[in-house]
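Inspection log for the structure reproduced underneath, given as structure tokens.
The values are calculated or read from the model by the stated rules, or taken from the named source; none is laboratory data. Because the structure is predicted, anything quoted here is derived from the model rather than measured. As a convention, Cβ positions derive from the backbone with ideal geometry for all residues, glycine included, and neighbour counts pool all protein chains shown. Ligands, DNA and RNA are stripped out before the accessible areas are found, and what is left, the full protein with its side chains, is counted by its heavy atoms. Shrake-Rupley method; radii C 1.70, N 1.55, O 1.52, S 1.80 Å.
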Amino acid sequence: MQRLRPMRRVFGVLLALLAASCSRTAPGPHNHSAPAAPAAAVPEKRELALTPPMGFNDWNAFGCDVSEKLIKETADFFVSSGLKDAGYTYVNIDDCWSLRERGPDGKLVPDPVKFPSGIRGVADHVHRLGLKLGIYGDAGTMTCAGYPGSLGKEKLDAQTWADWGVDYLKYDNCYNQSDGSRADYVRRYTAMREAIDETGRPMVYSICEWGQSKPWEWAAGVGHLWRTTGDISDNWSSLRSIIAINAPLARYAGPGHWNDPDMLEIGNGGMTPIEYRTHMSLWSMMAAPLIIGTDLRKASPDTLAILGNREIIAIDQDPLGKQAAVVSDTAGRVVFAKPLSGGDVAVALYNSTDAVAVISVVATDIGLPKAPAYRLNDLWSGVSTQAGSSLAAGVPAHGTVVYRASAIERPEALPPSVSVAAALGTLIPSVPGGATLTTTANNHGIADAGAVAIAIRAPNGWVVKALDAADSARLAPGTPLTTRWNVTAPADTGPGSYPLTIAAKYGWGEPAKPAAIATELLAAVVVPPPDGVSHLSNLAVVSAASALGPVERDMANGAQPEGDGNLMTLGGIVYTRGLGTRAPSEIVYYLGGRCSALSTDVGIDDELTTSGAASFKILADDKVVAQSAVRSEDPARALTANVTGAKWLKLVTELAGTSTGAGVPTDWARPLLTCGKSTAPSSPELAIFSFESGSDPITLSKPAAGGSVAPSTAFHTDGKGGLEVTSPADGNWFGRSFPTPLDLSKKSRLAFDVKTGDLGTVGEFAVEVGPGKKWCQGGRWAWVNPKSTKTIRVDFKEISCPAGASLDQSQIRGVWVFLKNATVVIDQVRAE
């Protein structure tokens with residue numbers, strides 16, 4: 001078999017039980033009662049990071065695929081692109097840069113293949129450009145990827161890095177041998193602090209212990225920055241949850257000591273431009289380090305424009321060094337305010353909700369002096385306006401508007417600030433008449449706006465007609481212009497979200513001068529389900545609400561962040577398909593009169609940690625067609641509902657009066673919806689390895705690396721058994737080649753289910769393709785926490801092949817699963 005490409009990420013052990021990365025937090029005992037270390041005076045040689053560090057780190061985009069070539073080319077790009085002039089200084093190497101064994105003298109050894117010039121040679125190149133070099137280490141026996149750690153060797157490693165010319169250390173927390181106490185965290189991280197000091201070389205010290213011991217309470221005298229959260233991922237749910245965790249910690253940040261909510265994902269492709277601008281905006285408002293995590297050599301102009309916005313960067317780098325405070329949070333519509341040197345105030349209007357919203361704040365509430373009017377410089381559009389006592393903007397879903405605000409004496413020199421709000425009902429292309437869009441323009445200035453005209457830009461083929469006046473000769477302050485519109489999508493429009501731009505043009509001053517403002521609305525399009533029997537978790541939801549956290553697809557509702565639950569388990573029976581909620585909850589689907597029946601199991605998930613009970617109802621066109629009595633910790637109850645002819649389906653859970661805690665975990669387990677005339681599965685699954693007759697027969701791709709398999713009944717999601725897999729520390733691939741090709745051309749992804757023990761694990765997929773059995777590997781790994789269950793899924797589009805090979809899904813000659821450093825039980829390796 002050809003040589004396999006290295007994993008993008010592998011993990012080590014946290015608290016001697018958990019293989020985790022800097023980005024992964026996991027349950028475990030943490031004694032926070034130990035006294036915090038006092039904030040020691042920072043010696044002169046530590047007068048670094050007086051503003052949040054700015055630079056690059058390879059991990060988010062490259063994982064272990066780090067090299068001298070990458071680091072040098074990134075440093076060169078800093079200079080040629082203007083990023084250096086914008087303030088980006090540090091070019092940081094993350095994990096996997098060394099050999100797996102120390103040298104005969106005990107020192108760390110750079111991998112000579114990845115770094116032929118050594119770290120010293122790379123540092124010399126970076127320094128010649130007027131930049132600085134960062135390195136990665138770990139406060140444990142090994143790094144998260146299994147390379148040598150620095151626990152007990154702090155002085156030797158600090159001196160080695162100093163001798164190489166390193167300017168920045170990111171110090172991780174894997175394989176830490178910790179007892180979990182805060183005192184241990186302080187001891188381990190202080191040991192490296194003291195070792196760095198002894199070298200005499202100024203070095204920014206980034207404490208990466210994932211917020212486990214609340215480092216914001218003790219690390220100001222130890223490091224220059226400290227991680228406050230687990231790892232960031234390149235998706236909206238991750239970004240939103242990290243903002244929520246880091247935002248309340250403003251009082252702990254200041255020159256030389258910063259809260260670090262992790263590196264930037266901007267440009268990696270998992271979020272929209274609006275979400276990436278929110279990322280950059282709020283990291284700057286929160287005085288966070290701005291560490292780029294994308295391949296800058298391939299970055300788009302839009303990515304570079306976001307990363308290089310000097311007005312936004314100036315907010316982050318303001319010498320006053322204040323992290324923005326949360327002034328208000330109204331149902332996810334949040335106002336941040338940050339005082340700036342010189343007396344201005346930066347204000348961010350952040351909309352974490354899924355709908356356009358006008359967000360406003362009284363000027364004096366954000367620290368501005370009382371004045372007749374205020375100047376608002378929009379740091380993304382570049383437009384300056386004036387406002388009266390309140391500052392406001394129409395903010396798109398997941399978006400953020402950032403103003404640099406100040407009191408002004410001559411407001412007549414600026415156009416009045418105008419906001420636009422919008423609300424649109426659900427669009428159903430097959431139903432004549434479309435949906436109604438309502439827009440509202442408001443003038444927040446102190447002078448009239450004239451010749452106001454509202455216009456809607458929609459996707460090609462859409463029809464938008466005004467039902468009311470869309471213009472006005474005069475818009476006085478505080479007087480809204482409300483317009484209803486009819487919006488129709490073409491009949492062949494697929495389900496999803498489509499952008500509509502709502503623009504307002506207006507005039508101001510004498511003689512009249514033009515001004516404009518715009519916001520974006522995402523129109524939700526739904527269509528009836530396909531013919532056949534469908535898993536509800538595969539269908540588009542019209543609306544969903546849960547008492548705690550989001551409604552989860554194919555897992556239980558763990559609590560707050562998306563994707564934090566185990567597989568749904570009712571009375572010990574594990575389900576891989578369904579909807580996890582917290583009562584009370586409500587989920588709405590559009591059926592379009594095409595469906596006939598819904599069957600599902602319902603119950604309280606085994607994850608329940610408090611006393612709790614709830615009831616379940618199925619409604620068709622708001623009529624109850626099936627319901628359960630109050631359920632507690634009983635076995636699952638089967639519900640069957642007749643939904644013939646119904647246009648709308650609603651699933652409701654209601655909390656019983658005896659419940660305690662923040663919502664009760666309620667599962668709609670394996671809900672199957674029958675539509676049209678067919679009773680065949682609309683998206684059938686194909687079992688590749690079911691493990692019902694032993695090991696199917698599973699082999700190891702690299703027998704010398706170690707590992708074993710054995711049948712097990714300890715965990716299964718189909719049939720009566722699974723497969724116990726013991727994988728070595730560095731992992732191995734488990735699977736087999738096929739004598740004849742497997743045709744998966746009509747499938748979109750691969751999946752398997754896993755249950756971990758005391759250690760978490762890493763999972764990934766690879767396939768062999770074509771007569772030559774070319775090895776094509778998944779573009780991502782999946783982390784599974786200790787003592788938990790999860791379905792690992794990889795889309796075929798995420799699997800990449802070596803140069804000269806293509807992924808022909810009709811010619812699959814082998815399927816392999818990667819597992820690392822643990823004994824786990826897996827089941828149902830399948831194509832979906």
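Inspect region 534-551 for any residue being more than 28 Å from the chain's Cα centre (by Cα) and of a type in the set (Val, Ile, Thr) and give the result as yes or no. No, because not a single residue in region 534-551 is more than 28 Å from the chain's Cα centre (by Cα) and of a type in the set (Val, Ile, Thr). Here is a list of conditions, (1) in contact with a Lys or Arg (Cβ under 8 Å, 6 or more places away or on another chain); (2) surrounded by fewer than 23 Cβ atoms within 10 Å (Cβ to Cβ); (3) modelled with pLDDT under 95; (4) of a type outside the set (Asp, Glu), and Gly256 meets all of them except one; can you say which number that is? For Gly256, the failing item is (3).
Just so you know, in region 335-352 the residues that are open to solvent by 10 Å² or more (accessible area, probe 1.4 Å) and among the polar types (S, T, N, Q) include one that is farthest from Ala393 (Cα to Cα), and it is Ser341.
Examine region 721-736 for a residue that is open to solvent by 40 Å² or more (accessible area, probe 1.4 Å) and within 14 Å of Arg830 (Cα to Cα), and state whether such a residue exists. Within region 721-736, one or more residues are open to solvent by 40 Å² or more (accessible area, probe 1.4 Å) and within 14 Å of Arg830 (Cα to Cα). Check region 308-325 and report whether any residue there is in contact with an Asp or Glu (Cβ under 7 Å, 6 or more places away or on another chain) and polar (S, T, N, Q). The answer is no, given that none of the residues of region 308-325 is in contact with an Asp or Glu (Cβ under 7 Å, 6 or more places away or on another chain) and polar (S, T, N, Q).
Of the residues that sit in region 672-686 and are out of contact with any Pro (no Cβ under 8 Å at 6 or more places or on another chain) and over 23 Å from Ala556 (Cα atoms), which one is surrounded by the most Cβ atoms within 10 Å (Cβ to Cβ)? Only one residue tops the list, namely Thr674. For region 362-379, filtering for residues that are open to solvent by 40 Å² or more (accessible area, probe 1.4 Å) and either closer than 13 Å to Glu409 by Cα or among the aromatic types (Phe, Trp, Tyr) (or both) leaves 4.
Taking the criterion of being touching a residue at least 12 places away in the same chain (Cβ under 8 Å), surrounded by 23 or more Cβ atoms within 10 Å (Cβ to Cβ) and on the phi < 0 side of the Ramachandran plot, would at least one residue in region 109-117 satisfy it? Among the residues of region 109-117, not one is touching a residue at least 12 places away in the same chain (Cβ under 8 Å), surrounded by 23 or more Cβ atoms within 10 Å (Cβ to Cβ) and on the phi < 0 side of the Ramachandran plot, which makes the answer no. For region 753-832, the strands (runs of 3 or more DSSP E) that sit wholly inside it and include 2 or more residues that are under 29 Å from Met568 (Cβ atoms) are 761-769, 782-784, 789-795, 812-819, 823-831.
Count, please, the residues in region 279-300 that happen to be assigned to a helix (DSSP H, G or I), more than 24 Å from Thr519 (Cβ to Cβ) and within 14 Å of the chain's Cα centre (by Cα). Matching residues across region 279-300 total 0.
Take Lys773 and decide whether it is among the basic types (Lys, Arg), more than 22 Å from the chain's Cα centre (by Cα), surrounded by fewer than 21 Cβ atoms within 10 Å (Cβ to Cβ) and over 21 Å from Leu700 (Cα atoms). Answer is no for this residue. Give the residues of region 486-529 that are under 29 Å from Ala597 (Cα atoms), assigned to a loop (DSSP other than H, G, I, E, B), open to solvent by 60 Å² or more (accessible area, probe 1.4 Å) and touching a strand residue (DSSP E or B) at 6+ places or on another chain (Cβ under 7 Å), sorted by residue number. Of everything in region 486-529, just one residue is under 29 Å from Ala597 (Cα atoms), assigned to a loop (DSSP other than H, G, I, E, B), open to solvent by 60 Å² or more (accessible area, probe 1.4 Å) and touching a strand residue (DSSP E or B) at 6+ places or on another chain (Cβ under 7 Å), namely Pro495. For region 324-351, what are the residues that are in a loop (DSSP other than H, G, I, E, B) and modelled with pLDDT of 95 or more? Residues satisfying the conditions are Ala324, Leu340, Ser341, Gly343, Asp344.
Which of the residues that make up region 393-423 are surrounded by fewer than 20 Cβ atoms within 10 Å (Cβ to Cβ) and either under 33 Å from the mean Cα position of the chain (by Cα) or not hydrophobic (A, V, I, L, M, F, W, C) (or both)? Correct list: Ser406, Glu409, Arg410, Glu412, Ala423.
The rows are residues; the columns are (1) open to solvent by less than 50 Å² (accessible area, probe 1.4 Å); (2) at pLDDT 95 or above; (3) within 30 Å of the chain's Cα centre (by Cα).
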| residue | (1), (2), (3) |
| --- | --- |
| Pro703 | no, no, no |
| Phe738 | yes, yes, no |
| Asp743 | no, yes, no |
| Leu759 | yes, no, yes |
| Val762 | yes, no, yes |
| Glu768 | yes, yes, no |
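When you check Lys45 against the structure, is it more than 24 Å from Asn176 (Cβ to Cβ), open to solvent by 30 Å² or more (accessible area, probe 1.4 Å), at pLDDT 85 or above and not in a loop (DSSP other than H, G, I, E, B), yes or no? For Lys45, the condition - more than 24 Å from Asn176 (Cβ to Cβ), open to solvent by 30 Å² or more (accessible area, probe 1.4 Å), at pLDDT 85 or above and not in a loop (DSSP other than H, G, I, E, B) - is not met.
When Cys64 is tested against (1) open to solvent by less than 20 Å² (accessible area, probe 1.4 Å); (2) within 30 Å of Gly321 (Cα to Cα); (3) in a loop (DSSP other than H, G, I, E, B), only condition (2) is not met. Only residues that are in a helix (DSSP H, G or I) and over 16 Å from Ile245 (Cβ atoms) were counted in region 257-278, giving 5. Applying the criterion of being modelled with pLDDT of 95 or more and open to solvent by less than 60 Å² (accessible area, probe 1.4 Å) to the residues of region 96-108, the residue that is nearest to the chain's Cα centre (by Cα) is Trp97. With respect to (1) out of contact with any helix residue (DSSP H, G or I) (no Cβ under 8 Å at 6 or more places or on another chain); (2) not in a loop (DSSP other than H, G, I, E, B), the lone exception for Asp718 is condition (2). Being open to solvent by 40 Å² or more (accessible area, probe 1.4 Å), closer than 30 Å to Ala714 by Cβ, free of Cβ contacts under 8 Å to residues at least 60 places away in the same chain and within 29 Å of the chain's Cα centre (by Cα), is that true of even one residue in region 638-646? Within region 638-646, not a single residue is open to solvent by 40 Å² or more (accessible area, probe 1.4 Å), closer than 30 Å to Ala714 by Cβ, free of Cβ contacts under 8 Å to residues at least 60 places away in the same chain and within 29 Å of the chain's Cα centre (by Cα). Note on region 648-671: residues that are at pLDDT 95 or above and open to solvent by 30 Å² or more (accessible area, probe 1.4 Å) amount to 3. With respect to (1) over 30 Å from Arg100 (Cα atoms); (2) crowded, with 21+ Cβ neighbours inside 10 Å, the lone exception for Ile792 is condition (1).
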